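Notes follow once the structure below has been shown.
The values are calculated or read from the model by the stated rules, or taken from the named source; none is laboratory data. Keep in mind that what you see is a predicted model, and the values were worked out from it rather than measured. Note that we place each Cβ from the backbone using ideal geometry, even for glycine, and neighbour counts take in every protein chain shown.
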Amino acid sequence: MSGVKIVPSPTTHPADPDERVIDATGRRAVSATRTTGLAKPWIARVFSRCGVFDKADQAFRLAALPAGYAYRLASPRLLAIGVVVSKSAGGMTPKDVEKYVHAAGAGWVLKGLGSLDSIQAGKGGVASVQWSAGPAAPLRVGDASLARDSLSAQGLCSGISDAISLVRNSGHADRWPDREREQLKRHLAFLANAMERSRFRAEKPWAEYPRFLERASGLPRSLGGAGAGHRRLRYRHPQPEAPAELSGAPSRIEAW
């Protein structure tokens with residue numbers, strides 16, 4: 001790739017006045033002087049299965065749990081289950097995870113999969129929000145700048161958007177901090193609203209997370225939303241221009 005250098009660490013790379021150094025080191029954010037996140041982060045456990053999945057199987061499913069949430073998504077050939085719980089919930093075996101999801105009334109997320117210990121377990125990791133601060137250069141992008149919470153995120157799309165923005169505005173690097181602040185403010189507001197809508201908002205992990213957001217970012221305690229007992233089940237059907245075979249198949253199902 002002409003004009004692009006990949007270096008082990010931007011802190012060890014001698015800066016050239018005509019070069020732009022970008023920190024794309026993910027949550028490590030090696031150029032940051034400070035990162036902010038939950039003391040007990042929410043951790044994702046991921047399970048996947050190959051197969052043939054119809055449009056009903058491909059509907060995105062999302063359900064709140066007492067200490068986190070579970071989601072399900074699929075392509076025509078691959079289905080994935082993610083179970084995100086507070087680190088304080090402790091380590092759970094696949095069988096424990098399955099029992100936990102069912103006990104929370106979210107067994108429908110796992111419907112038709114069989115036992116979780118019979119399907120492939122993938123590499124999980126921290127799923128809760130983290131953001132960084134540091135010098136103006138290098139420019140931190142993607143998770144190195146803002147690692148979004150999976151509950152209110154399109155992390156891959158956001159990372160690509162960062163890269164496109166850097167190219168389009170190559171002569172305006174001074175605007176990058178403003179973009180970072182706006183992205184952070186918007187994401188934390190969406191996240192706080194999602195937390196407030198959960199029917200498990202009175203549970204300790206759900207209560208601690210918004211308090212952390214309030215302390216760390218200055219967000220107001222209440223950003224609107226439903227009360228603790230609120231539960232919703234929402235179906236979003238495909239757009240009218242979708243192929244005929246999609247008709248009637250929900251693209252998203254939530255119990256929140």
Taking the condition of being out of contact with any Pro (no Cβ under 6 Å at 6 or more places or on another chain) and either in the same structural domain as R199 (by TED's automatic domain parsing) or among the aliphatic types (A, V, I, L, M) (or both), how many residues in region 105-122 meet it? 6
Restricting region 93-138 to residues that are β-branched (V, I, T) and free of Cβ contacts under 8 Å to residues at least 40 places away in the same chain, the one surrounded by the fewest Cβ atoms within 10 Å (Cβ to Cβ) turns out to be T93
Quick one: which strands (runs of 3 or more DSSP E) sit completely within region 27-84 and have at least 3 residues that are over 14 Å from the mean Cα position of the chain (by Cα) and within 30 Å of K204 (Cα to Cα)? 34-37, 60-65
Looking at W108, W131, can you tell me which residue is of a type in the set (F, W, Y) and farther than 30 Å from R186 by Cα? W108
Subset of region 67-92 [in contact with a helix residue (DSSP H, G or I) (Cβ under 8 Å, 6 or more places away or on another chain), surrounded by 21 or more Cβ atoms within 10 Å (Cβ to Cβ) and either among the aliphatic types (A, V, I, L, M) or over 23 Å from V52 (Cα atoms) (or both)]: G68, Y69, A70, I81, V83, V84, V85, S86
Is at least one residue of region 43-51 in contact with an Asp or Glu (Cβ under 8 Å, 6 or more places away or on another chain) and either on the phi < 0 side of the Ramachandran plot or of a type outside the set (D, E) (or both)? no
